[in-house]
Amino acid sequence: ANIALYSSSSTTKPARLTYGELAPFTDLRARALAAYGGAPGDRIAILMRHDIHQASALLSVLKAGRIVVVLNPTDAPARLRATIEDAAPALIIADTANFELADTIAKDMCPWISWDEVSKGTLLAPTPQLEAQATAFIVYTSGSSGRPKGVMLNHDQVIHNALRLSAAMEL
C-alpha cells in the first residue's frame with residue numbers, strides 16, 4: 001500500500017512511498033538510535049515539521065523500542081519546556097528547521113540531536129523485540145482544564161486505533 005507524506009520541500013505535492021520502501025530506512029535509523037545509548041522504554045521527543053522525515057523518525061523511534069513524545073513546533077516554548085520537564089526524554093530529535101528551538105527549550109534538561117545526524121549514523125546496534133503492552137507514545141492533552149497531562153498509549157492500542165480508523169475511512 002502506498003502512503004502519501006508531504007516532503008519538507010513541497011507542501012502541495014505529496015511524496016509517495018510504500019511501507020516496503022520506508023521500512024529499510026527506518027530499520028537502519030532504529031539501529032542507529034539504539035546505538036546512541038539508553039534502553040528500550042526510554043523516551044525520545046521528536047520536534048519536527050509534519051512531513052516525511054517526521055513520519056520516518058516516529059517509526060524509527062518505535063522500532064528502537066523507545067517511547068515517542070511528539071513536540072509540536074508551533075506550541076509556545078513555555079509549553080514545550082513544560083512537556084519536556086514532565087516527559088523527561090532521554091533525547092530530543094529535531095529537524096533542521098527546529099534545531100534552534102530544541103536548543104532553546106531543552107537547555108540543561110536533555111540532549112538533542114539533528115535528524116540529519118541520526119540519518120547519517122554509522123554506529124548500529126540491534127533493536128529489541130517489541131512487546132504489545134509496552135508503551136509506544138505519550139500524547140499530551142490540550143491542557144484546557146489546567147496543566148496538560150501525558151496519556152500513555154501502548155503498541156496494541158496504536159495498532160487498534162490505526163485499524164479502526166482505516167476501516168472507518170475505507171482505506
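The values are calculated or read from the model by the stated rules, or taken from the named source; none is laboratory data. Not measured: the values here are computed from a predicted model. Counting neighbours? That spans all protein chains shown, and the Cβs are built from the backbone with ideal geometry, glycine included. The accessibility values were calculated without ligands, DNA or RNA, using every heavy atom of the protein model including side chains. Shrake-Rupley method; radii C 1.70, N 1.55, O 1.52, S 1.80 Å.
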Subject >> Of all residues making up the range 34-66, the number that are assigned to a helix (DSSP H, G or I), modelled with pLDDT of 90 or more and open to solvent by 30 Å² or more (accessible area, probe 1.4 Å) >> reply: 3
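Given the structure, is LEU80 crowded, with 18+ Cβ neighbours inside 10 Å and more than 24 Å from PHE25 (Cβ to Cβ)? Steps first, answer last, please.
On the way: crowded, with 18+ Cβ neighbours inside 10 Å: yes; more than 24 Å from PHE25 (Cβ to Cβ): yes.
Considered against the rule, which asks whether it is crowded, with 18+ Cβ neighbours inside 10 Å and more than 24 Å from PHE25 (Cβ to Cβ), LEU80 comes out as yes.
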Original post:
Looking at the range 147-171, which of its residues are open to solvent by less than 40 Å² (accessible area, probe 1.4 Å) and either among the acidic types (Asp, Glu) or more than 18 Å from the chain's Cα centre (by Cα) (or both)?
Top reply: PRO148, SER166
Subject >> From the options ILE84, ILE93, residue that is farther than 20 Å from ILE159 by Cα and assigned to a strand (DSSP E or B) >> reply: ILE93
**OP:** Would you point out the residue of the range 96-124, among those that are of a type in the set (Gly, Ala, Ser) and either over 12 Å from LEU47 (Cα atoms) or not in a strand (DSSP E or B) (or both), that is most open to solvent (accessible area, probe 1.4 Å)?
**Re:** ALA97
